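Visitor: I am attaching a structure below and will ask some questions about it afterwards.
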Amino acid sequence: MISIDHISAVMILKNGERSLRATLESLRFFGEVIILDNGSTDNSLAIASEFSNVKVHHSEFIGFGPLKNLAASFTSNDWIFSIDADEIIDQKLRDEIVNFDLTDPHTVAVVDRPNSYLGKKIEGTDFGNEKKVRLYNKTTTKFSDVQVHETIETHDMKKIMLKGHLLHESYSSVNDIIDKLQLYTSLFAEQNCGKKTITPFMIVVKSLFAFFRSYVFKLGFMSGWRGLLISSFVTADVFFKYFKLYDLNYKKKKSGRKKILVDLERLKYPNCGLGQVSINYSNALTKVADQSNVSLEFLLSSENRKSYIEDANNVNFRYHNPLTKKGILPVDSNIDLFHLTHQITDYKAVKAKKNIYTIHDLNFLEEKNKAKADRKLKQIQKAVDRADVITVISKFTEKVVRDNLEIPSFKPVKVIYNGVKTPILKESAQPDIDDSPFFFSIGTVMPKKNFHVLVNMMEFVDPKYKLYIAGQLTKASYVDQINALIEEKNLQDRVKLLGPISDQEKSYLFEKCEAFLFPSLLEGFGLPIIESMLAKKPTFSSNKTSLPEVGGEYAYYWENFKPEYMANVVKEGLKDFNSDRTKKEQEVYEYASNFSWEKNAEEYNKLYIETLNS
């Protein structure tokens, strides 16, 4: 008999005795079949025990998506064939699975699933032949973490259609249909409460459309009374799942919980500065917010960005659409408090009862021509005028804001420092550098970062030290300027632009560097110098903008950028730091630890409550 040992068959199970034996018979060619049972009270487990290739695990019901992912975690193979207890693999599909090419883990397989009711195949209706992704590699994808209507997340993965059929007979009677209708509609309503809205009128429209789509457009009438029954079930499913949702939303609204909408639109750029702020802040906020009195809702650019939220099941979401992105429709309807978390304000937010507006910097005043800067400033002024509270990320930014914007005396401006995570990871990766002692700097390679002064400085630094500058090579002209300077100073063996690096490489560079150097001219906060201190490194910084405020007495500062002077500051700073290194390391680490995302989230959570109650 054919046996397949490099793919595991996986199913979740509850009271499936009616069809389980036939399903497991069709799975005999698998060396491993994993069943995750969630409370069977019939003979299902006794039937499963008759098959030597079956291993049974147990769990309470945690939602269909999470259950299927938990079941997959028990397999000894990475490749998974997901099957339900009422499905049977036919001979042709078995042969396709046996011969499937498993060399590319980013490939998934799609199967044809014809549906039957009481022994007859249903050709039309919404129950007609379905195409389902069922074969996948668990190291590259998984089921969506939803309560119901779970699917394997394929994104841009390659899909291969398998020949043969996955025979499916989900219902054995009208009672069976009604039981599953109750379960699935309730799970849908619970899953989408506060996330989707619907009106009674639209429920009726959707229900009627669902019947005509299934019975008429999809030729359900060709299946006789079975087609009428199934189309009626489809109609009832739509009607009850949306009315249950409406009912839950109504009760939630009447409960008196205030709705807070937090703007995380910058998550569309997860690797940029504001994208990282959105990830870290949102995950800290979900841990500290007391949702017994408030309801948190996150505004995302698209649904696929929800994967960055660790506790997504306890937060509601709304998503941008083409009309909100262009500022035609407001993003903050039916909201008690809207927190606009950055100064980029292209969309419309005019409906919330209260507003908090966060400004990170006004660097564009130095970077753009006057006409563009004035237009941007007017746009920000409008958001300031709407806001009940303005927050900034440093006292320096507060001064810039007050100097350039009209802030009424009664409108509070509150400083809440960003959080910073340690750059040191459990596993680091050495970039393409040798083992010589080195200084490190990081940031987008552009003029305001002022990296070229470090090249000039290196002429006067002990030749044993090298300098590595990491970051996006955004401004080609400035990159060319630095490379020309390196060549002019004959420092090709000592100074290197690394370009973009991974988090693991960043961890290595912070962990192994002799010192961190940051000569930036323009910062609203100065995250890298705090990262350096969390890595317990001597930190050298310019004394410009917010950097002395953020670095405090724990950094060494350049008062000018004369190369020999800068080199001497580094030399004397290293000497001071190393004079009592253990003590200095502890001091800088403890200071930097004050800039935590938990503290940041706690301050904002407190501000939310104060603003709502004001």
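Visitor: Can you confirm whether segment 355-365 contains a residue that is open to solvent by 80 Å² or more (accessible area, probe 1.4 Å) and assigned by the TED database to the domain that holds Lys399?
Guide: Just the residues of segment 355-365 that are open to solvent by 80 Å² or more (accessible area, probe 1.4 Å), to begin with: none.
No, there is no match, as no residue in segment 355-365 is open to solvent by 80 Å² or more (accessible area, probe 1.4 Å) and assigned by the TED database to the domain that holds Lys399.
Visitor: Right, something else. Looking at Ile34, Ile88, Ile12, Ile7, can you tell me which residue is under 15 Å from Leu135 (Cα atoms), open to solvent by 10 Å² or more (accessible area, probe 1.4 Å) and assigned to a strand (DSSP E or B)? Full working, then the answer.
Guide: Details: Ile34 fails: open to solvent by 10 Å² or more (accessible area, probe 1.4 Å); Ile12 fails: under 15 Å from Leu135 (Cα atoms); Ile7 fails: open to solvent by 10 Å² or more (accessible area, probe 1.4 Å).
Only one candidate passes the filter, namely Ile88.
Visitor: Quick check on segment 236-263: of everything there that is touching a Ser or Thr at 6+ places or on another chain (Cβ under 8 Å), not in a helix (DSSP H, G or I) and not charged (D, E, K, R), which residue is surrounded by the most Cβ atoms within 10 Å (Cβ to Cβ)?
Guide: Here the answer is Ile260.
Visitor: Can you tell me how many residues within segment 309-328 are at pLDDT 85 or above and farther than 13 Å from Cys193 by Cβ?
Guide: 5
Visitor: Can you find a residue in segment 166-178 that is touching a residue at least 60 places away in the same chain (Cβ under 8 Å), under 21 Å from Met11 (Cα atoms), out of contact with any strand residue (DSSP E or B) (no Cβ under 8 Å at 6 or more places or on another chain) and surrounded by fewer than 19 Cβ atoms within 10 Å (Cβ to Cβ)? Steps first, answer last, please.
Guide: Here is the first cut: in segment 166-178, the residues touching a residue at least 60 places away in the same chain (Cβ under 8 Å) are 166-170, 172.
Still in the list and also under 21 Å from Met11 (Cα atoms): 166-170, 172.
Those still in the list that are out of contact with any strand residue (DSSP E or B) (no Cβ under 8 Å at 6 or more places or on another chain) too: 172.
Keeping just the survivors that are surrounded by fewer than 19 Cβ atoms within 10 Å (Cβ to Cβ) gives 172.
Yes.
Visitor: Let me ask you something else. Could you list, in sequence order, the residues of segment 289-324 that are under 20 Å from Leu274 (Cα atoms), open to solvent by 70 Å² or more (accessible area, probe 1.4 Å) and of a type in the set (S, T, N, Q)?
Guide: Within segment 289-324, Asn304, Ser307 qualify.
Visitor: Give me the pairs, please: first residue somewhere in segment 489-511 and in contact (Cβ under 8 Å) with a residue 40 or more places away in the chain and in a helix (DSSP H, G or I), second residue anywhere and basic (Lys, Arg) and open to solvent by less than 30 Å² (accessible area, probe 1.4 Å), beta-carbon distance under 7 Å, and either six or more positions apart or on two chains.
Guide: Phe510/Lys537
Visitor: Separate question: Filter segment 434-449 down to the residues that are in contact with a Gly (Cβ under 9 Å, 6 or more places away or on another chain) and of a type in the set (Gly, Ala, Ser), then identify the one that is least open to solvent (accessible area, probe 1.4 Å).
Guide: Out of the qualifying residues, it is Ser441.
Visitor: Counting only residues that are under 18 Å from Leu517 (Cα atoms), basic (Lys, Arg) and either modelled with pLDDT under 95 or surrounded by fewer than 16 Cβ atoms within 10 Å (Cβ to Cβ) (or both), how many does segment 450-493 have?
Guide: 1
Visitor: Further, regarding this structure: Please go through segment 535-559 and pick out each residue that is in contact (Cβ under 8 Å) with a residue 24 or more places away in the chain, open to solvent by 10 Å² or more (accessible area, probe 1.4 Å) and among the hydroxyl-bearing types (Ser, Thr, Tyr).
Guide: Thr545, Tyr554, listed by residue number.
Visitor: A further question follows. Please work out which residue is most open to solvent (accessible area, probe 1.4 Å), limiting yourself to segment 325-345 and to residues that are within 18 Å of Gly275 (Cα to Cα) and assigned to a loop (DSSP other than H, G, I, E, B). If you could, list the steps in order and put the result at the bottom.
Guide: Within segment 325-345, the subset within 18 Å of Gly275 (Cα to Cα) is 325, 339-345.
Restricting the remaining residues to those that are assigned to a loop (DSSP other than H, G, I, E, B) gives 341-345.
Details: Thr341: 20, His342: 3, Gln343: 22, Ile344: 43, Thr345: 14 Å².
Per the criteria, the residue is Ile344.
Visitor: Working carefully through the options Arg266, Arg226, Arg213, find the one that is open to solvent by 30 Å² or more (accessible area, probe 1.4 Å) and under 30 Å from Leu340 (Cβ atoms). Let's see the steps before the verdict.
Guide: Working: Arg226 fails: under 30 Å from Leu340 (Cβ atoms); Arg213 fails: under 30 Å from Leu340 (Cβ atoms).
One residue alone meets the criteria, Arg266.
Results for (1) free of Cβ contacts under 8 Å to residues at least 40 places away in the same chain; (2) more than 30 Å from Ser394 (Cα to Cα); (3) in a loop (DSSP other than H, G, I, E, B), shown as yes or no for each residue.
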site	(1), (2), (3)
Arg305	no, no, no
Ile356	no, no, no
Leu362	no, no, yes
Leu365	yes, no, no
Arg375	yes, no, no
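Visitor: If you don't mind, another one. Scan Val415, Val420 and give me the residue that is touching a residue at least 12 places away in the same chain (Cβ under 8 Å), touching a helix residue (DSSP H, G or I) at 6+ places or on another chain (Cβ under 6 Å) and surrounded by fewer than 19 Cβ atoms within 10 Å (Cβ to Cβ). Before the answer, list the steps.
Guide: On the way: Val420 fails: surrounded by fewer than 19 Cβ atoms within 10 Å (Cβ to Cβ).
The match here is Val415.
Visitor: So, in segment 108-119, of the ones that are part of a strand (DSSP E or B) and among the aliphatic types (A, V, I, L, M), which residue ends up most open to solvent (accessible area, probe 1.4 Å)? I'd like the intermediate steps shown before the answer.
Guide: Taking segment 108-119 and keeping what is part of a strand (DSSP E or B), we get 108-113, 115-117.
From what is left, the residues that are among the aliphatic types (A, V, I, L, M) are 108-111.
Numbers: Val108: 0, Ala109: 0, Val110: 17, Val111: 1 Å².
Ranking the candidates gives Val110 first.
Visitor: Of Ser507, Ser542, which residue is modelled with pLDDT of 95 or more and in contact with a strand residue (DSSP E or B) (Cβ under 7 Å, 6 or more places away or on another chain)? Spell out the reasoning first.
Guide: On the way: Ser507 fails: in contact with a strand residue (DSSP E or B) (Cβ under 7 Å, 6 or more places away or on another chain).
On inspection, the qualifying residue turns out to be Ser542.
Visitor: Anything in segment 17-49 that is within 36 Å of the chain's Cα centre (by Cα) and touching a residue at least 40 places away in the same chain (Cβ under 8 Å)? List them, or say none.
Guide: Within segment 17-49, Phe30, Glu32, Ile34 qualify.
Visitor: I need the full set of residues from segment 130-149 which are more than 15 Å from Leu70 (Cβ to Cβ) and either in a strand (DSSP E or B) or open to solvent by 50 Å² or more (accessible area, probe 1.4 Å) (or both), in order please.
Guide: Pass one, segment 130-149, residues more than 15 Å from Leu70 (Cβ to Cβ): 130-137, 139-141, 148-149.
Within segment 130-149, Glu130, Lys131, Lys132, Val133, Arg134, Leu135, Tyr136, Asn137, Thr139, His149 qualify.
Visitor: Looking at Lys368, Lys348 in this structure, which one is of a type in the set (D, E, K, R), modelled with pLDDT under 85 and either open to solvent by less than 10 Å² (accessible area, probe 1.4 Å) or within 26 Å of Leu607 (Cα to Cα) (or both)? Spell out the reasoning first.
Guide: On the way: Lys368 fails: either open to solvent by less than 10 Å² (accessible area, probe 1.4 Å) or within 26 Å of Leu607 (Cα to Cα) (or both).
Within the list Lys368, Lys348, the selection yields Lys348.
Visitor: Can you tell me which residue among Lys575, Lys562 is farther than 20 Å from Glu398 by Cβ, assigned by the TED database to the domain that holds Tyr508 and loosely packed, with under 14 Cβ neighbours inside 10 Å? Quick ask: steps written out before the conclusion?
Guide: Values: Lys562 fails: loosely packed, with under 14 Cβ neighbours inside 10 Å.
Answer to the selection: Lys575.
Visitor: Limited to segment 423-449, what total is found for residues that are part of a loop (DSSP other than H, G, I, E, B) and farther than 23 Å from Ala535 by Cα? So that I can check it myself, show each step before the final result.
Guide: Looking only at segment 423-449, we keep the residues that are part of a loop (DSSP other than H, G, I, E, B), and these are 423-437, 443-446.
With farther than 23 Å from Ala535 by Cα added as a condition, the list becomes 446.
Of the residues in segment 423-449, 1 are part of a loop (DSSP other than H, G, I, E, B) and farther than 23 Å from Ala535 by Cα.
Visitor: While we're looking at this one, here's another question. Output the residue which, of all residues in segment 384-438 that are over 30 Å from the mean Cα position of the chain (by Cα) and aromatic (Phe, Trp, Tyr), is nearest to Gly552 (Cα to Cα).
Guide: Looking at residues that are over 30 Å from the mean Cα position of the chain (by Cα) and aromatic (Phe, Trp, Tyr), I get Phe396.
Visitor: Before we move on, is Glu585 assigned to a helix (DSSP H, G or I), open to solvent by 30 Å² or more (accessible area, probe 1.4 Å) and closer than 30 Å to Thr286 by Cα?
Guide: Details: assigned to a helix (DSSP H, G or I): yes; open to solvent by 30 Å² or more (accessible area, probe 1.4 Å): yes; closer than 30 Å to Thr286 by Cα: no.
Considered against the rule, which asks whether it is assigned to a helix (DSSP H, G or I), open to solvent by 30 Å² or more (accessible area, probe 1.4 Å) and closer than 30 Å to Thr286 by Cα, Glu585 comes out as no.
Visitor: Suppose we keep only residues that are touching a Lys or Arg at 6+ places or on another chain (Cβ under 8 Å) and assigned to a strand (DSSP E or B) within segment 512-534. Which one would you say is surrounded by the most Cβ atoms within 10 Å (Cβ to Cβ)?
Guide: For segment 512-534, the residue satisfying everything is Phe516.
Visitor: Only one of these is assigned by the TED database to the domain that holds Ser26 and surrounded by fewer than 19 Cβ atoms within 10 Å (Cβ to Cβ): Ile97, Ile152, Ile122, Ile62. Name it.
Guide: Details: Ile97 fails: surrounded by fewer than 19 Cβ atoms within 10 Å (Cβ to Cβ); Ile152 fails: surrounded by fewer than 19 Cβ atoms within 10 Å (Cβ to Cβ); Ile122 fails: surrounded by fewer than 19 Cβ atoms within 10 Å (Cβ to Cβ).
Result of the check over Ile97, Ile152, Ile122, Ile62: Ile62.
Visitor: Continuing with this model, one more query. Could you run through segment 17-31 and say how many residues are under 19 Å from Asp176 (Cβ atoms) and open to solvent by less than 10 Å² (accessible area, probe 1.4 Å)? Can you show your working first?
Guide: Step one: filter segment 17-31 for residues under 19 Å from Asp176 (Cβ atoms), giving 17-23.
Now drop any that are not open to solvent by less than 10 Å² (accessible area, probe 1.4 Å), which leaves 20, 23.
Result for segment 17-31: 2.
Visitor: Using the structure shown, decide if Arg386 is assigned by the TED database to the domain that holds Thr341, under 11 Å from Leu340 (Cβ atoms) and either hydrophobic (A, V, I, L, M, F, W, C) or open to solvent by 60 Å² or more (accessible area, probe 1.4 Å) (or both).
Guide: Taking the combined requirement at face value, the residue satisfies it.
The values are calculated or read from the model by the stated rules, or taken from the named source; none is laboratory data. Bear in mind the structure is a predicted one, so any value in this text is a computation, not a measurement. We place every Cβ from the backbone using ideal geometry, glycine too, and count neighbours over all the protein chains shown. Remember, those area values only see protein heavy atoms, side chains included, never the ligands or the DNA or RNA. Shrake-Rupley method; radii C 1.70, N 1.55, O 1.52, S 1.80 Å.
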